[in-house]
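S.K.: Okay, handing you the structure first.
The numbers here are math on the coordinates, done by the rules we state, and not lab data. If you're wondering where the values come from, they're calculated on a predicted model, not measured in any experiment.
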């Protein structure tokens with residue numbers, strides 16, 4: 001099963017949201033992920049994804065359907081976070097939630113170690 005690549009409009013939306021969140025242009029790579037679409041699936045689906053690094057962490061936003069998206073960010077293999085929602089049917093909602101959850105996690109991490 002394969003899904004369409006991200007369109008130019010979707011990439012522009014991602015770049016706009018990232019610039020708003022981080023205050024500068026962020027390099028986004030188009031990559032491929034392997035995703036188990038349903039918990040019971042034995043096979044992994046190859047899904048196009050957006051990948052970027054910022055604020056000391058990496059972000060992955062995968063297309064898991066024609067208009068379905070999943071996202072996560074991680075500081076290390078053991079320090080991974082999701083958005084609290086398995087899947088989104090709107091790229092903008094997925095991006096906004098991902099960036100807000102990461103912003104909150106970054107603030108908590110900074111407070112724990114006393115940095116800004």
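S.K.: Below 8 Å between Cα atoms, with a sequence gap of 6+, how large is the relative contact order for the range 1-104 in percent?
M.R.: RCO, the range 1-104: 20 percent.
S.K.: Then there is this: Against the longest alpha carbon principal axis of the chain, how many degrees, from 0 to 90 and to the nearest 10, is the axis of helix 91-113 turned?
M.R.: Helix 91-113 sits at roughly 30 degrees to that axis.
S.K.: Determine the calculated [θ] at 222 nm for the chain from helices alone, applying -39500 (n - 2.57) to every DSSP H run no shorter than 4 residues and normalising by the residue count; nearest 500 deg cm²/dmol.
M.R.: Numbers: 2 runs with 38 residues, N = 116.
Result for the chain, helices only: -11000 deg cm²/dmol.
S.K.: Separate question: The range 31-62 to the range 94-109: how many Å between their Cα centroids?
M.R.: 18
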